[in-house]
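See structure below.
Coordinate-derived values only; no laboratory data. Computed from a prediction, not measured in an experiment: that's the story for all the values here. For neighbour counting, all protein chains shown are included, and Cβ atoms are generated from backbone atoms with ideal geometry for every residue, glycine included.
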Amino acid sequence: MPAAGTALLVISSVLIAGIYPGAIQTFQVKPSESSKEAPYIQRNIDATRTAYGLDDVKVTDYQATLTTSAGQLSKDAATISNIRLMDPNVIAATFRQLQQIKPYYSFPDSLDIDRYTVNGVKRDTVVAVRELNIDGNPSRNWINDHLVYTHGFGFVAAFGNARDADGKPSFAVGDLPPTKGLGTFEPRVYFGENVPDYSIIGGVKTDTPVEFDYPDDASSNGQKNVTYSGSGGVPVGSLVNKLVFALKYQEQRILLSSLINKDSKILFERNPRDRVAKVAPWLTLDGDPYPALVDGKILWIIDAYTTSAGYPYSKQTTLSSATSDALTANSSAVTAQGNESINYIRNSVKATVDAYNGTVTLYQWDTKDPVLKTWSKAFPGTVVPKSKISKDLMSHIRYPEDMFRVQREILSAYHVKTAAAFYGGQDFWRVPRDPSTFGSNASAQPPYFLTLQMPGESKPEFALTTPFVPRGGRENLSAFAVVNSDAGPNYGKITVLQLPRSTNVAGPSQVASNFEAKPEVANSLSLLRQGGSDVVLGNLLTLPVGGGLLYVQPVYVRATSNSAAYPLLQKVLVSFGDQIGYDDTLKGALDQVFGGNSGTTSGSGITTSTTGTSNASLASALQSAKQALADGQAALAKGDFTAYGRAQDRLKSAIAAAIAAQSKK
């Protein structure tokens with residue numbers, strides 16, 4: 001009997017746990033799966049959108065036109081004037097050559113984007129701090145490494161939409177000591193992303209300070225020295241403290257050096273991201289801290305997240321895969337996220353680290369996040385209220401990149417709100433491949449910060465942007481999404497422009513291919529690549545202007561025979577519909593596309609004389625006329641009278657623009 005009972009129990013468990021559910025799935029669920037699972041799918045959609053902060057996403061149908069005409073961009077002057085031609089991932093080498101000044105300074109391989117008000121106008125800028133590079137010091141020894149060369153010096157910012165006549169960035173602030181283009185500030189960087197593991201600073205003030213400050217030709221010894229006077233650091237003057245740190249760093253000279261006195265202090269844990277992690281290990285930190293000039297100081301700003309993997313019914317994702325793109329994969333300046341699995345995320349904290357004294361401040365940002373409220377109860381006083389954020393700091397708050405990367409990954413499927421459509425899966429999107437990556441190195445296009453005015457909005461806003469293409473093998477554009485990054489009532493508002501499924505608007509990869517396929521462009525790039533030079537294509541930007549989608553890509557040239565060479569902006573590529581423009585300036589390229597006159601007066605990015613501007617406009621108009629004439633003849637040969645008519649319209653507009661430019665000379 002016991003054996004029979006055991007056998008019956010085994011048979012029953014197999015039937016109940018395996019065969020019966022399988023039979024239900026096969027004979028009841030599968031034949032009507034979409035309707036049977038609809039309530040659960042809908043529950044998953046609703047929960048996922050809420051958990052990832054996507055429940056208020058505004059999706060708008062955008063009837064993107066493919067045709068071009070003269071004056072088409074006349075209502076988009078605010079966006080056109082702010083198009084960022086300075087690619088922060090390309091001009092890092094330019095910053096190093098023009099602003100590094102000495103080999104013991106450095107800049108990261110990927111710079112940051114922020115905005116500053118200059119002469120009453122808010123402008124996008126490419127920013128970085130001049131950090132210490134101890135490996136570049138030609139005279140390496142323990143004293144120099146840890147007591148003399150202790151800090152970086154200065155903040156550098158270049159306008160995103162401007163260059164000089166040679167193609168170099170136009171700097172708002174730079175040099176040593178720093179220029180005053182963005183006001184006066186404390187320039188010393190003791191806490192940064194590229195500093196020694198420890199430095200011994202401060203001490204009794206004397207007439208011969210030990211710490212090197214910055215090179216100075218006016219000084220007899222060619223340099224300025226300084227004694228640190230900030231609040232950062234741990235006292236190391238006592239015998240006990242010297243012994244403790246000598247053991248920690250396995251360095252007996254900390255104990256024996258006469259340069260360390262009773263007032264000396266030691267700096268360690270100096271990376272801004274690491275310092276915030278020490279203060280609040282329960283926060284997940286964004287991979288890209290960025291520097292800003294705030295209230296006369298250089299502050300590192302780090303976005304911090306509260307996450308959870310226990311939100312009911314929400315889709316699970318892995319931070320490492322959701323945030324991976326061409327920037328996180330190829331830049332050492334951006335820390336890739338770990339393999340943490342989550343299904344809930346909020347940008348609940350904005351953290352700052354003072355570059356001079358290392359002070360860490362955590363500001364509450366999401367006032368409704370229950371996870372942050374719980375942590376704040378566990379660690380009272382750690383996070384200060386949002387109301388404590390100063391006006392100057394608030395002006396440099398931006399939407400976090402890793403947060404947007406996660407959201408766009410989820411949004412690629414969960415923009416579909418109904419269970420039936422979600423089950424079909426025919427309208428899912430994906431982030432397109434970055435056109436600058438190929439083969440095994442192919443990665444998703446990173447999101448880009450831009451100042452632009454969205455269709456239907458009354459003013460331009462600083463925003464983080466991304467395009468979408470269909471899942472599968474097609475590369476045409478499906479949608480374009482932006483999230484408002486200016487602190488204010490619209491901060492965090494995600495807007496999606498969804499293109500008609502029947503309209504074939506080229507996506508980034510297709511546009512990049514079209515650029516290289518145009519004979520005039522291909523020939524010019526081929527010539528630029530000869531004679532010891534190389535062409536570097538910058539970020540391919542997508543902009544919803546003129547009733548359609550405009551693509552803009554800066555073209556840099558760099559000498560290959562000179563190790564000190566750096567990229568210089570020489571050309572600009574633009575595309576709208578099936579038209580391509582290629583010129584020395586953005587305005588010239590736009591005029592080629594839009595019948596000789598795009599309708600905007602801004603976009604050259606170069607300060608020139610009136611005669612020079614007129615000559616450039618005339619040359620651009622004549623080039624547009626030549627192209628329109630060739631397109632018309634080709635259309636006539638094919639018997640395509642519609643295309644022939646459009647080409648004739650463009651020819652007339654180009655001739656009118658040429659006459660107007662000639663009259664200004």
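Put a plus charge on the Cβ of each Lys and Arg, a minus charge on the Cβ of each Asp and Glu, and nothing anywhere else: the dipole of the stretch 361-435 about its Cα centre is then about 260 debye. When the C-alpha to C-alpha distance is required to be over 24 Å, the pairs from 518/626; 373/417; 58/417; 391/459 that qualify are 373/417. By definition, a body whose alpha carbon gyration tensor gives a ≥ b ≥ c is prolate when a/c is 1.5 or more and a/b is larger than b/c, and the stretch 117-246 fits this prolate description.
Using Cβ point charges alone (K and R +1, D and E -1), the dipole size of the chain about the Cα centre works out to roughly 740 debye. If only the Cβ of Lys and Arg carry +1 and only the Cβ of Asp and Glu carry -1, the dipole of the stretch 332-460 around its Cα centre is close to 380 debye. Between the beta carbons of residue 238 and residue 390, assuming R0 = 35 Å, the FRET efficiency works out to 0.40 to the nearest 0.05. Applied to the stretch 546-559, the Karplus parametrisation 6.51 cos²θ - 1.76 cosθ + 1.60 on θ = phi - 60° returns per-residue 3J(HN,Hα) values of x, x, x, 10, 9, 10, 9, 9, x, 10, 10, 10, 9, 5 Hz, with x for Gly and Pro. Would you please classify the overall shape of the stretch 161-236 from the alpha carbon gyration tensor, given that a ≥ b ≥ c denote the square roots of the eigenvalues, rounded means a/c under 1.5, and beyond that prolate means a/b larger than b/c while oblate covers the rest? It is prolate, given that a/c is not under 1.5 and a/b is the larger ratio.
Taking label positions 7 Å along the Cα-Cβ direction at both residue 526 and residue 476, the computed distance is 3.1 nm, reported to one decimal. With unit charges on the beta carbons (Lys and Arg positive, Asp and Glu negative) and the dipole taken about the Cα centre of the chain, which residue among 404, 334, 554 sits farthest to the positive side? Of the listed residues, the answer is 404. Here the relative contact order of the stretch 368-443, from alpha carbon pairs under 8 Å that lie six or more residues apart, stands at 16 percent. Projecting the Cα atoms of 515, 313, 324 onto the charge dipole of the chain, computed from C-beta unit charges around the Cα centre, puts 313 farthest toward the positive end. Pairs exceeding a 20 Å alpha-carbon distance, out of 278/493; 180/571; 205/265: 278/493; 180/571. Across the stretch 125-161, the residues whose backbone nitrogen lies under 18 Å from the label position 7 Å along the beta-carbon direction of residue 218 are 154.
Separation of the stretch 61-87 and the stretch 366-425, taken as the distance between their Cα centroids, equals 31 angstrom. Subtracting the Cα-Cα distance of residue 54 and residue 119 from 0.36 nm times their residue separation leaves 19.7 nm of extension gain. Ranked by the mean number of other Cβ atoms within 10 Å of their residues, highest first, the peptides 53-59, 95-101, 573-579 come out as 573-579, 95-101, 53-59. Only DSSP H runs of four or more residues enter the estimate; each adds -39500 (n - 2.57), and after division by the residues of the chain the mean residue ellipticity at 222 nm equals -8500 deg cm²/dmol. Helices that extend 15 Å or more along their long axis by alpha-carbon positions and average at least 1.6 on the Kyte-Doolittle scale are, among the DSSP H runs of the chain, 2-14.
Normalised by the number of residues in the stretch 407-468, the mean separation of alpha-carbon contacts (under 8 Å, six or more apart) gives a relative contact order of 26 percent. Listed peptides 382-391, 171-180 appear in the order 171-180, 382-391 once ranked by packing, highest mean of other Cβ atoms within 10 Å at the front. Model label sites at residue 382 and residue 179, defined 7 Å from Cα along the beta-carbon direction, differ in position by 4.4 nm. Ordering 647, 154, 44 by the projection of their Cα atoms onto the charge dipole of the chain, which places +1 on the Cβ of Lys and Arg and -1 on the Cβ of Asp and Glu, puts 44 at the extreme positive end. Taking a point 7 Å out from the Cα of residue 255 in the direction of its Cβ, the residues of the stretch 132-149 whose backbone N falls within less than 20 Å of it are 142-143, 146-147. Sort the stretch 311-433 into rounded, prolate or oblate with this rule: let a ≥ b ≥ c be the square roots of the eigenvalues of the Cα gyration tensor; rounded if a/c is under 1.5, and if a/c is not under 1.5, prolate when a/b is larger than b/c, oblate otherwise. It is prolate, given that a/c is not under 1.5 and a/b is the larger ratio. With viscosity set to 1.567 mPa s and temperature to 4 °C, compute the Stokes-Einstein D of the chain, Rh being the Kirkwood radius across alpha carbon pairs; µm²/s, no decimals. Once the numbers are plugged in, D ends up at 46 µm²/s. Once C-alpha pairs closer than 8 Å and six or more residues apart are averaged by separation and normalised to the residue number of the chain, the relative contact order reads 15 percent. One equal scatterer on each Cα of the stretch 446-555, no solvent, Debye formula: the resulting log10 I(q)/I(0) at q = 0.12, 0.13 Å⁻¹ is -0.51, -0.59.
Protection proxy ranking, highest mean first, for peptides 204-211, 185-192, 313-320: 185-192, 313-320, 204-211, where packing is the per-residue count of other beta-carbon atoms within 10 Å, averaged.
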